[in-house]
């Protein structure tokens, strides 16, 4: 029964945050600020993880497909497909769920327990809308940019490791990453990323906004935000893959 | 004037407010006093709409607040300022931005006009050279001043203060109390203050209401409270050795 209680409260909150903003110019400004806070500040971790994951993927694929019947370019092809279809949209979103989700939940949760949200409501401001909507919109704009960057850097990681270690000749790797490229794969990855961005920000915002108590509860909300965002990302990854690819 | 009629609120099976009928007068500092857990914070939260009462009605002048929807309440809320116990300043904004916030949201002022108004309010609460500091960089007393400046920035008709001098030293507490009273008279606001500090009562209490176990037990002026024979009020007023000594 608690599941239905949370679902009902979550969708009620979504309806509230989608109400017409008090002043659109302030929301627009907040979206820019949040794109910086949630997106650009995650740039470093996304790049580091992507480049190493691309490199590791290339090495592992090379060692596991060491067969005379398999062409060498299959390593580049497999690396590209893994990065574009799964690693960049899903793994990067899971990493962002940890980084961005905990930040959102703890920020809004702290505002709740220090009466800052009450102060907004007293002023007649739609507090949920003002605090959560700019984050949702910002993440839905900036996360696809991060994911495209992750794809590029990941594939480049594979290229660098190919050149440095010789697990696969560079010319074969480059041929592989260009082999039978489908633009729909990128569209599929970006659709997933946008949905995941909505999940991360709205679920984390939900747990932050309904925090009750003090510092301990803020920590608990932060943990719940990460756990539930991650679970919903994995669940929707399956659903979207079934819908879009099958 | 703000008026509550037969206000009732329970949490589960525990009644916290029991048929409270009370009015708060314009241009006066109206104090709600009572022990911790007596229901005074719940009463204030019901008055400002942060909690919905189970029964009863709330009037802002002749407007029935308790029957209003979100949009109608928003109009009243823009006429309302509130000073929270901890200040409730927005951590990510500077002192100046905090004071400008309600102006940014609800007025069409130019940036210069907003800055000018924010500086006027900050000067009114005797806070200078702190405009660009963040809440984490200022003292408790300064936070209260900024919160007062933010509360009056939009020229409110009603001012609510929840424990305005909690956590402050007695001298700063009196400064804050007097500031609230001066602002109340200056802007002819209806001010409601929630406190259990007898110094505040004696300093600024134009009208004092004593809440006991969720009921309005006694009301009068700050002079009458010292003379009353009501046992519960006396137990509260003369709870400290200092007050008992003064009485003797």
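Does residue A:33 count as more than 30 Å from residue B:47 (Cα to Cα), within 14 Å of chain B (Cβ to nearest Cβ) and out of contact with any helix residue (DSSP H, G or I) (no Cβ under 7 Å at 6 or more places or on another chain)?
yes
Can you name the number of the only condition in (1) within 14 Å of another protein chain (Cβ to nearest Cβ); (2) on the phi > 0 side of the Ramachandran plot that residue A:166 fails?
With respect to (1) within 14 Å of another protein chain (Cβ to nearest Cβ); (2) on the phi > 0 side of the Ramachandran plot, residue A:166 is out only on (1).
Looking only at segment A:48-60, decide whether some residue is away from every other protein chain (no Cβ under 14 Å), in contact (Cβ under 8 Å) with a residue 12 or more places away in the chain and under 14 Å from the mean Cα position of the chain (by Cα).
The answer is yes; a qualifying residue exists.
Look at segment B:226-248 and say how many of its residues are surrounded by 14 or more Cβ atoms within 10 Å (Cβ to Cβ), in contact with a helix residue (DSSP H, G or I) (Cβ under 8 Å, 6 or more places away or on another chain) and either more than 21 Å from residue B:162 (Cα to Cα) or in contact (Cβ under 8 Å) with a residue 60 or more places away in the chain (or both).
Result for segment B:226-248: 4.
Does residue B:141 meet the test of being within 14 Å of another protein chain (Cβ to nearest Cβ), touching a helix residue (DSSP H, G or I) at 6+ places or on another chain (Cβ under 8 Å) and closer than 28 Å to residue B:169 by Cα?
Judged against the criteria, residue B:141 is not a match.
I'd like to check which helices (runs of 4 or more DSSP H) are fully inside segment B:6-106 and have at least 3 residues that are more than 14 Å from every other protein chain (Cβ to nearest Cβ) and under 20 Å from the mean Cα position of the chain (by Cα).
Here the list is empty.
So residue A:105 fits all but one of (1) within 13 Å of chain B (Cβ to nearest Cβ); (2) buried (at least 23 other Cβ atoms within 10 Å of the Cβ); what number is the exception?
Going through (1) within 13 Å of chain B (Cβ to nearest Cβ); (2) buried (at least 23 other Cβ atoms within 10 Å of the Cβ) one by one, residue A:105 breaks only (1).
So is residue B:6 surrounded by fewer than 19 Cβ atoms within 10 Å (Cβ to Cβ) and farther than 25 Å from residue B:153 by Cβ or not?
Yes.
Can you name every one of the helices (runs of 4 or more DSSP H) wholly within segment B:132-240 that holds 1 or more residues which are modelled with pLDDT under 90 and farther than 25 Å from residue B:48 by Cα?
Helices (runs of 4 or more DSSP H) meeting the threshold: B:170-187, B:198-204, B:224-227, B:231-237.
Can you name the number of the only condition in (1) crowded, with 24+ Cβ neighbours inside 10 Å; (2) within 14 Å of chain B (Cβ to nearest Cβ); (3) closer than 28 Å to residue B:76 by Cβ that residue A:133 fails?
Failing condition for residue A:133: (2).
For segment B:60-78, give me each residue that is within 18 Å of residue B:43 (Cβ to Cβ), crowded, with 16+ Cβ neighbours inside 10 Å and modelled with pLDDT of 85 or more.
B:60, B:65, B:73, B:76, B:77
Can you tell me which residue in segment A:179-198 is nearest to residue A:160 (Cα to Cα), limited to those that are without any contact (Cβ under 8 Å) to a residue 40 or more places away in the chain and part of a helix (DSSP H, G or I)?
The qualifying residue nearest to residue A:160 (Cα to Cα) is A:183.
The values are calculated or read from the model by the stated rules, or taken from the named source; none is laboratory data. Quantities reported herein were computed from a predicted structural model and do not represent experimental measurements. Backbone-built Cβ (ideal geometry, glycine too); neighbour counts: all protein chains shown.
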